[in-house]
Each structure stands twice: as structure tokens, then as C-alpha cells.
1. So, R0 is 22 Å and r is the distance between the beta-carbons of residue 109 and residue 280; what FRET efficiency does that work out to, to 0.05?
2. Can you list residues whose amide H is under 5 Å from residue 130's amide H, if they're 5+ apart or on another chain and H is modeled 1.01 Å from N?
3. Given R₀ = 41 Å, what would the calculated FRET efficiency be for residue 153 paired with residue 421, taking r from the Cβ atoms and rounding to 0.05?
4. If you average 1/r over every pair of different alpha-carbon atoms in region 214-294 and take one over that average, what Kirkwood value in Å do you get?
5. With the cut-off at 27 Å, tell me which of the pairs 131/278; 130/268; 278/327; 278/399; 395/428; 278/428 have Cα atoms farther apart than that.
6. Which GluC sites (Glu not before Pro) does region 74-142 hold that lie in a coil by DSSP with at most 16 other beta carbons within 10 Å?
7. What FRET efficiency comes out for residue 89 versus residue 197 if R0 is 35 angstrom and r is the Cβ-Cβ distance? Round to the nearest 0.05.
8. Obtain the radius of gyration and the Kirkwood radius of region 368-411 from its C-alpha atoms and give Rg over Rh.
Amino acid sequence: MFENLQDRLGSILNGLTGRGALSEADVSAALREVRRALLEADVALDVVRSFTDRVREKAVGAEILKSIKPGQMVVKIVHDELIEMLGGEGVGIDLHAAAPVVVMMVGLQGSGKTTTSAKIAHRLSTREKKKVLMASLDTRRPAAQEQLRQLGAQANIDTLPIISGQSPTDIAARAVQAARLGGHDVVILDTAGRTHIDEPLMIEMADIKKRSNPHEILLVADSLTGQDAVNLARSFDERVGITGLVLTRMDGDGRGGAALSMRAVTGKPIKLIGVGEKMSELEEFHPRRIADRILGMGDIVSLVERAAENIDAEKAAAMAAKMAKGKFDLDDLADQLRQMQKMGGMGGIMGMMPGMAGMKDKMAAAGLDDKLFGRQIAIIQSMTKAERTNPDLLKHSRKKRIAAGSGTDAAAINKLLKMHRQMADMMKMMGGKGKGGMMKQMMGGLAGKMGLGGGMGGGMPDLSNIDPRQLEALQKQAEAAGLGKPGGGMPGLSGMPGGLSGLGGAKLPGLGGGFPGLPGLPKKK
């Protein structure tokens with residue numbers, strides 16, 4: 001979503017940080033470029049104006065600390081103002097009310113209200129162990145009520161039985177009553193939308209609000225609609241009084257201006273963002289993390305949280321034990337590749353790594369995209385169990401059979417085997433004798449620095465038990481180590497000219513000996 005803006009701001013701010021001293025003219029020239037970049041990203045004009053005015057005021061009169069270059073100070077000011085524009089602190093769905101807490105979903109037709117209702121219900125039931133009831137109040141759109149019922153069945157969420165002929169306000173009253181009798185903690189009302197804002201729609205919303213007395217009124221807006229989404233939020237807030245926003249399609253290739261403008265224009269917090277089509281692909285909106293991503297500083301905290309959700313703790317522990325003995329076969333490699341795919345693939349992970357945002361294009365040019373992992377998994381799956389355990393068995397005739405089975409060629413198989421050998425050698429080094437092996441010492445040391453204590457695999461912390469405050473501490477650790485600066489880079493990355501062979505060096509805690517299982521990728525020939 002923010003890639004274009006990230007590239008533009010990154011190049012502008014990198015130009016500033018490279019200089020020893022800054023004049024007022026330098027700051028003004030840079031802010032002109034920042035203003036242009038924000039306007040091109042479709043951020044509202046008044047928001048851009050107030051943003052650049054605040055940055056200029058602070059940057060020109062800034063007291064430069066001795067240890068910080070003037071350019072870095074400007075980057076910090078831009079970063080802080082970006083966080084302020086996005087809302088300061090993240091705000092979640094407020095459930096502090098007498099049960100059943102009524103959450104009313106409003107918005108235009110096609111913005112993703114029904115799917116988002118199901119995603120929120122799934123999130124509340126799995127993460128917060130709430131008993132949720134969903135009810136569709138959309139009597140106009142064909143099969144809208146049936147769609148919500150089916151989504152509820154998929155996610156194992158209760159839905160209100162459909163009674164044809166009832167009005168939306170009657171359905172809302174019945175839903176609240178049914179939730180009260182059924183002992184539900186939360187009831188989500190999925191209201192009808194239109195293709196545009198009209199008077200009957202607003203009257204209906206007001207009636208539903210009066211009958212159901214919702215604690216939260218969430219406006220679902222499509223982030224790809226640009227400034228129209230901002231005008232929509234204003235209109236709904238004036239007539240119904242929204243308490244927060246949910247932005248859908250944040251994984252799209254839009255310019256991101258709506259997301260940046262919404263909070264500043266409406267004064268309402270963005271509570272959740274939809275980042276994909278799966279039921280689990282709904283994230284809390286954290287202004288600091290989004291600002292970090294926009295300025296290329298990465299988002300270690302979200303990456304670790306994503307890892308905690310997607311990585312099987314038992315598998316990770318078994319893998320760590322295996323690696324401690326220096327063992328690593330092709331089945332292990334396939335597991336590591338699958339873990340990467342679960343966590344959003346190469347692009348998704350790189351966007352969250354400090355100083356790595358600019359690497360994605362270089363990696364694509366080197367042919368290292370997510371399709372590569374799919375091909376590698378296909379090659380491994382075309383082998384017999386004996387071949388996966390002992391790759392030395394793979395002679396010419398066997399490679400020919402595997403190439404035919406996986407739709408690849410012998411060269412691709414040889415590259416995979418070379419990569420596996422490099423990783424296996426690395427595992428042997430890490431599982432070496434003396435004080436529990438290099439990997440154990442490294443991971444234990446990192447855990448100690450973070451104050452996370454022991455855990456999986458002899459010193460690796462268990463991600464499922466990490467407190468959110470400890471995750472924030474991890475982000476600060478990364479910044480203190482110089483990883484939170486645009487272009488700061490990650491340790492273990494040996495630069496592009498020789499390929500990406502050093503990628504296996506970047507470590508995150510609890511991820512089975514390596515940055516989400518990312519293999520030491522082969523050098524580009």
C-alpha cells in the first residue's frame with residue numbers, strides 16, 4: 001500500500017542524512033519534496049499543509065544533539081509527526097460495557113462490511129475468547145444474509161437465524177435479545193450499504209442505532225477509494241456518530257493517502273486494517289508501526305507477532321533440537337520454506353525488516369521471489385523419503401525423474417541441493433561442541449539482552465509467552481543497534497553484488513535457528 005510513498009520519502013530523507021550540516025534552505029527544499037510526495041500519495045491537502053508546517057517549525061528551531069547529525073534529527077521529527085498524524089497510540093475495539101456489547105458495522109456497499117464482520121468475530125473469539133453472535137441486517141442485497149451465515153459456519157461463529165420479511169430494525173432488536181438469552185459477550189450487526197450515501201440509508205442507520213444502542217459503530221471503508229473514503233467518513237460521522245474506522249484492502253497497490261488522511265480529518269481512530277482475504281488477515285492499526293514501515297524502518301514487533309501466530313512451537317522446538325545436533329535434511333528445508341510462505345512470503349517479511357524495504361526490487365531482479373519457494377517445495381515433494389533424508393543418493397537418473405515430477409530442470413535441483421549443503425554446514429557449525437553450541441549461545445544471549453528468559457531450543461524464548469511490552473522493547477533494541485534507520489540494513493546481509501548468501505545470518509528469537517527459516521540463498525551466477 002505505501003510502497004511508492006516509502007520510496008519517495010526514503011530517497012528524500014536519505015539525501016538529508018548524508019550531509020554533515022543543514023541550512024534552513026536545505027530543510028525547506030526537502031519539505032517541498034515531502035509535500036509533493038504526500039500529495040501524490042493522495043493525502044488531503046489541509047492534512048499535508050499542517051504536517052509540513054509542524055515539521056518545518058520543529059526542524060528549523062530544533063536543538064541538535066551532539067550525538068545526532070542534523071539530517072537524522074529531521075528524520076526523527078518527520079517520523080514523530082507521521083505518528084501524530086496517524087493517531088499517536090493504537091486503539092482497539094472497546095468491549096468495556098455490559099454484555100452483550102453491540103458492535104454496529106456501517107459503510108457503503110462493496111467496502112467489505114460482511115467479510116470484515118466475520119473477521120472481527122473470528123478475531124474476538126480466537127484471541128479474546130469471546131462468545132460472538134453475528135446478525136445480517138441487509139435485507140436488500142440478494143443473499144447478503146446467507147453470505148454472513150456461511151462465513152459464520154466457516155469460522156465456527158454463531159449467526160442469528162434468518163426470518164424472511166423482517167425489517168432491519170426488528171432484526172437488530174431480535175439479535176440483541178438472542179445474544180442476551182444465549183449468553184453471548186458480543187453481538188455484531190452487519191448493516192446494509194448503498195452504492196452512494198442517500199437519505200433512506202442514513203434514516204435506517206439512525207433507527208438501528210436507536211433500537212440496538214451500539215457501544216461501537218465502526219465505519220468500514222475501502223482504502224483504495226482515496227479521498228472519497230475521507231468524505232464518506234465525515235458524512236457517516238455527522239449523521240450516525242462513528243466511534244472508529246476499519247480500512248479494508250490495505251494489501252492493495254493503492255497510494256495510501258486515505259489511510260493517512262482519515263484520522264487527521266475525522267478525529268476518529270483507525271482501529272483495524274484488512275491485509276488480505278483470509279479470515280485471520282485482520283490486524284490492529286498501530287500508528288508507530290505504520291510510520292516505521294513508511295520510513296523504511298521496518299516493523300520488528302509485527303514480524304515477531306506474526307511469527308508467534310504462524311510458527312508451531314512444538315515443530316520449532318523439534319527443529320532446534322535437531323539443529324543443535326547439526327542435522328538438517330531436505331524435509332527440514334521444506335518446513336522452513338513453508339513457514340516463510342505462511343508469514344507473507346519474501347515481500348511481506350522484507351517490508352517489516354529494518355532497512356530492507358529497498359531490497360525487494362533487487363531480490364526480484366535476482367529472481368528471488370515467492371514463486372521460487374513454491375518451485376523448491378515442489379522439487380522436494382517429488383523426491384522419495386530416502387532421497388529427502390540423504391541427498392547424496394541423488395545421481396543423474398534420479399534428478400531427471402524429480403525434474404519431470406516437479407516441472408523444473410536439473411539446474412534448479414542442483415541450486416536447491418547447493419543451498420541445502422550451505423545450510424547444513426551452517427547448522428553443523430551452530431550445533432558445534434562447547435558450551436552448548438554456537439546457536440544456543442547466540443540465541444540465549446539475545447534472549448538475555450531482551451530480558452525474555454529461557455525457552456525453546458535451549459535459550460530461545462517462547463514467542464507465545466512474550467508480553468507486548470517486551471515486543472516493544474525488542475523494537476527499541478533493534479533501533480539502538482542501528483537497525484531502525486532508513487537504509488540501516490540487517491546484520492548478516494552481505495550486499496547484493498555477490499547475491500543474498502548472507503540472509504541466513506539475521507536472527508529473530510524462537511524461529512528455529514534463523515530469520516523465519518530463511519535459507520542461506522544461493523549466490524547469483
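1. Values: r = 25 Å, r/R0 = 1.13.
Efficiency for this residue pair is about 0.30.
2. For residue 130, the qualifying residues are 125.
3. 0.30
4. Details: mean 1/r = 0.0782 Å⁻¹.
It is 12.8 Å.
5. Values: 131/278 21 Å; 130/268 25 Å; 278/327 35 Å; 278/399 37 Å; 395/428 24 Å; 278/428 38 Å.
Violating the 27 Å limit, Cα to Cα: 278/327; 278/399; 278/428.
6. Details: sites: 81, 84, 89, 128; in loops: 89, 128.
Loop-located and lightly packed - 89, 128.
7. Values: r = 30 Å, r/R0 = 0.87.
Given R0 = 35 Å and the Cβ-Cβ separation, E is 0.70.
8. Result for region 368-411 is an Rg/Rh of 0.97.
No value in this document is a laboratory result; all are computed from the given coordinates. These numbers were taken from a predicted model, which means no experiment stands behind them. As a convention, Cβ positions derive from the backbone with ideal geometry for all residues, glycine included, and neighbour counts pool all protein chains shown.
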